[in-house]
1. Collect the residues in the stretch 225-267 that are at pLDDT 85 or above and within 16 Å of Val296 (Cα to Cα), keeping them in residue-number order.
2. Name every residue in the stretch 513-539 that is surrounded by fewer than 21 Cβ atoms within 10 Å (Cβ to Cβ) and among the basic types (Lys, Arg), in order of residue number.
3. Could you give every pair whose Cβ atoms fall below 8 Å, whose first residue belongs to the stretch 236-262 and is acidic (Asp, Glu), and whose second residue is modelled with pLDDT of 80 or more and part of a strand (DSSP E or B), counting only separations of at least 6 or pairs across chains?
4. Find the residue count for the stretch 141-162, including only residues that are open to solvent by less than 50 Å² (accessible area, probe 1.4 Å) and either in contact with a strand residue (DSSP E or B) (Cβ under 7 Å, 6 or more places away or on another chain) or at pLDDT below 75 (or both).
5. At pLDDT 70 or above and either surrounded by fewer than 18 Cβ atoms within 10 Å (Cβ to Cβ) or of a type in the set (Lys, Arg) (or both), is that true of Glu272?
6. Quickly run through the stretch 190-229 and pick out the residues that are of a type in the set (S, T, N, Q), open to solvent by 80 Å² or more (accessible area, probe 1.4 Å) and in a helix (DSSP H, G or I).
7. Among (1) at pLDDT 90 or above; (2) within 22 Å of the chain's Cα centre (by Cα); (3) open to solvent by 50 Å² or more (accessible area, probe 1.4 Å), there is one condition Leu305 misses while meeting the rest; what is its number?
8. I need the full set of residues from the stretch 474-512 which are in contact (Cβ under 8 Å) with a residue 12 or more places away in the chain, open to solvent by 10 Å² or more (accessible area, probe 1.4 Å) and part of a helix (DSSP H, G or I), in order please.
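The values are calculated or read from the model by the stated rules, or taken from the named source; none is laboratory data. The shown structure was predicted, so the numbers you read here are calculated from the model rather than taken from an experiment. Here the Cβ positions follow ideal geometry from the backbone for every residue, glycine too, while neighbour counts run over all protein chains shown. For accessibility, only protein heavy atoms count, side chains too; no ligands or nucleic acids. Shrake-Rupley method; radii C 1.70, N 1.55, O 1.52, S 1.80 Å.
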Amino acid sequence: IVYLTAYADEKTLERAKITEPFGYIIKPFEDRELLTSVEMALYKHKMEKKLRESQEWLSTTLSSIGDAVIATDAKGCVTFMNPVAQSLTGWKEEDAAGRPLRDVFNIVNEQTHEPVQDPVERVLREGVVVGLANHTVLIAKDGTETLIDDSGAPIRYDKGDVGGVVLVFRDTSDRKRLEAQLQQAQKMEAIGTLAGGIAHDFNNLLMGIQGRISLILLGIDSAHLHFEHLKGIEDLIQRGADLTKQLLGFARSGKYEVRPTDLNEIIEKSSEMFGRTKKEIAIYGKYQKDIWIVEVDSGQIHQVLLNLYVNAWQAMPGGGELYLQTENVTLDENFTRPFMVELGKYVKISVADTGLGMDEETQRRIFEPFFTTKEMGRGTGLGLASAYGIIKNHGGIIDVYSEKGKGTTFDIYLPASEKAITIPEKKLSDEILNGTETVLFVDDEDIIIDVGRDMLRAMGYQVLLARSSKEAIDVYKKNKNRIDMVILDMIMPDMSGGEVYDRMKEINPNVKVLLSSGYSIDSEATGILKRGCNDFIQKPFSMKELSDRIREILDKG
């Protein structure tokens, strides 16, 4: 503070009571030159203070942002590092100050681990903004590796000279992981659509074969020369149908019989059955008491667990240990977002083995259909692919963690339900049940139309046929008083089975319909059933299965 007065006695200064910084009092004063020099000194002092305040504000701002910031001088030596930069590089600012940036900012290519060009050198040389290429890894002082994105920009003086560089970078490991998961999900979705279409068409072919075999078996007894061969063909058809179920499971084309279920019970039974056949595997279980109820298809979840057990067994050729665990968990949005499922309460199943483990490349592809690490001729590669589809179809998550030589852990999360466990319905008779009613059979495939007509007639029914949605509606409208029920294909080109059902229901609110499809029961089929459709049957079906469903629907009336 400068006090300027014509007479500088203490009393005058005390009376002035100057409190403002850089303030001064001018009494009548004749020396103008002296006054100007004082004013300049005061102005310079003010500017220096403002500069210090500006620097402090800038330093505070850069220290508060979420990105890492490093500044250098014109020689590329470090002059500033904010806390995020210090954390990612492992260098303290006081230790890094004055060092060349390369000493502190050690970057390499993620895939080759070859050094990446220092962006500061190009900024200082060309005076342009520079960004790093993808797949750049920062190696910290302690050797920790972090995937980063960054950019360097010149610090320019008033005349345009480059006086340094400011480098801004961030940890992109989580973002890259989320992007990879999203790409994987999209790829699996596309493959699933293809697999579902193949399975649907294949089931229609199997339906034709199954129907023909059923009709042949209807006319011969067990003593016939070809009886065993025909039964063998039926068994092969069932194996083919099981294979398409796995494809449909992967394709997320539907669940079958979804009921509120206790997962502990399924895991205990499946592991007990598996353990009896694989004595070299020691199985340990740790199950959550009061486990939350989940709504699942027990058969499909059983299939998923067996696939995981078999996968673990194959990873432990000399024997080993299998650890099974269940627990109630609550997942937040940060966890569920990459898997595109709802947040909330889930039941977690962990299946861990002490086997050979997998590398990262195998883990990335393990849920793809037909991908296998087994030698040619061993396994179809569908097991884990169908497991993935089944869990995703239940609104859940399946994830894998493994290291070579350190075993593998599969974690499954299934959404919890508030519903109570129900008792399964009694299984229907295995005998063919005949009838005399009139049935309208609707399908756009000639193979299915022909065999369906013959099967129904063999059971004693009067049969009307329709090969398209429009024809089905016309036939039903003309014959509604004599048609007792309709067997309706769900997938047709001109109009979906759901639309046909709705039109028939407008004609007759009490219409009885058995929905049929080469797909398994999916959200569309479930919606039709909720609107009043009586039942669903998946192709291929035998005469016994068809006769049971028909009689169940008709006899209820």
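1. Pro260, Thr261, Asp262, Leu263, Asn264, Glu265, Ile266, Ile267 - these are the residues of the stretch 225-267 that are at pLDDT 85 or above and within 16 Å of Val296 (Cα to Cα).
2. Result: Lys530, Arg531.
3. Glu257/Asp297; Asp262/Ile293
4. Initial filter on the stretch 141-162 (open to solvent by less than 50 Å² (accessible area, probe 1.4 Å)): 143, 146-154, 160, 162.
Cutting the leftovers down to either in contact with a strand residue (DSSP E or B) (Cβ under 7 Å, 6 or more places away or on another chain) or at pLDDT below 75 (or both) gives us 146-154, 160, 162.
Total satisfying the criteria: 11.
5. Working: at pLDDT 70 or above: yes; either surrounded by fewer than 18 Cβ atoms within 10 Å (Cβ to Cβ) or of a type in the set (Lys, Arg) (or both): yes.
Spelling it out, Glu272 is indeed at pLDDT 70 or above and either surrounded by fewer than 18 Cβ atoms within 10 Å (Cβ to Cβ) or of a type in the set (Lys, Arg) (or both).
6. Filtering the stretch 190-229 down to residues of a type in the set (S, T, N, Q) leaves 193, 203-204, 210, 214, 222.
This time we only want the ones that are open to solvent by 80 Å² or more (accessible area, probe 1.4 Å), so: 193, 222.
Hit for the stretch 190-229 is Thr193, nothing else.
7. Condition (3) is where Leu305 drops out.
8. Matches in the stretch 474-512: Val475, Lys477, Asn479, Glu499, Asp502, Arg503, Lys505, Ile507.
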